[in-house]
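Just so it is clear, none of the values below were taken in a lab; they were calculated from the coordinates. Just so it is clear, the model here is predicted, and its values are computed rather than measured. Note that each Cβ is placed from the backbone with ideal geometry, even for glycine, and that neighbours are counted across all protein chains shown.
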Amino acid sequence: MIAATALIAFVPVAALLTITPGTDTMLVLRTAGLGDLRAAWLAALGIAIGCLVWGAAVAFGLGALLVASPMAFAWLRAAGAVYLCWIGIGLLVRIRQAPQPGEAAAHTAFRRGLLTNLLNPKVGVFYLTLLPQFLPPGTRDAGAGLMLAGVHVMLTLVWFAALIAFARSLTPIMARPAFARWIDRVCGAVFIGFGAKLALR
């Protein structure tokens, strides 16, 4: 099990990394700001599940195998870069039409949240480098690693709740067609930038 002091030390570090801007933050803000609360929460849930999958992979030693295999890591990084660029290009070039039906928009948001994390090897590297620092030296307790991953996921959901509340307060502005198009362009450029950065590292 994890010592209370290690757990207490882990929380501020994980919280700081959680609030660092990235594709997850951009995805949740955009979805919530455009007025679809359910889709925003499903995007957040997809991201959280992606984090749990990576956390479990690291806890059970699978993350180390991935990082140790340059070819597997390169293929995963390429897939993640292509996916992020695909989202970004879609946001940049699509002509804004009538909003998707609630079920379709929610499904898309969940899938984007999940795949954005699962196809991002940096999330795996994050867990692989951070979690062992807060575990007893030489421990192979998968439950302890899962506990730390669960703490990080809870912090992430709390952060997303704050982001969603903030974005919802701006919905009357962000949901205007002209402003929404501008948001899509900005988000599209950001996603392409993250994809290019992932591909080039």
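A few points about this structure:
- If R0 is taken as 22 Å, the Cβ-Cβ distance between Val158 and Phe60 corresponds to a FRET efficiency of 0.25.
- Whole-percent pair-distance distribution, where bins are 10 Å wide, for the alpha carbons of the chain: 9, 34, 33, 18, 6, 1
- Choice from Leu130, Leu84, Leu114 with maximal GNM fluctuation in the chain (Cα, 10 Å cutoff): Leu130
- On the beta carbon distance between Val13 and Arg185, with R0 = 35 Å, the FRET formula returns roughly 0.55.
- The C-alpha atoms of the chain define a longest principal axis, and helix 177-200 lies at about 30 degrees to it.
- Rel. contact order, % - alpha carbon contacts under 8 angstrom, at least six apart, the chain: 43 percent
- Length gained when the stretch Leu52-Ala142 is fully extended (0.36 nm per residue, less Cα-Cα span): 31.1 nm
- Annotation for Leu92 and Phe166: the two label points, set 7 Å from Cα along the Cα-Cβ direction, are 2.6 nm apart.
- Using alpha-carbon coordinates, inclination of helix 70-93 to the longest axis of the chain, degrees: 20 degrees
- Rg and Dmax of the range 1-86, both derived from C-alpha coordinates alone, stand at 16.0, 43 Å.
- Ordered by the number of other Cβ atoms lying within 10 Å of each residue's own Cβ, fewest first, Val13, Val123, Val153, Val58 fall into the sequence Val13, Val153, Val123, Val58.
- Axis angle, to the nearest 10 degrees, between helix 23-33 and the longest C-alpha principal axis of the chain: 40 degrees.
- By the helix-only formula, in which each DSSP H run with n ≥ 4 contributes -39500 (n - 2.57) and the sum is divided by residues, the chain has a 222 nm mean residue ellipticity of -27000 deg cm²/dmol.
- Placing unit charges on the Cβ atoms of the charged side chains and taking the dipole of the chain about its Cα centre, the candidate lying farthest along the positive direction among Ala167, Ala149, Met71 is Ala167.
- Max mean-square fluctuation residue, GNM over the chain, Cα-Cα springs under 10 Å, options Leu163, Leu91, Leu17: Leu17
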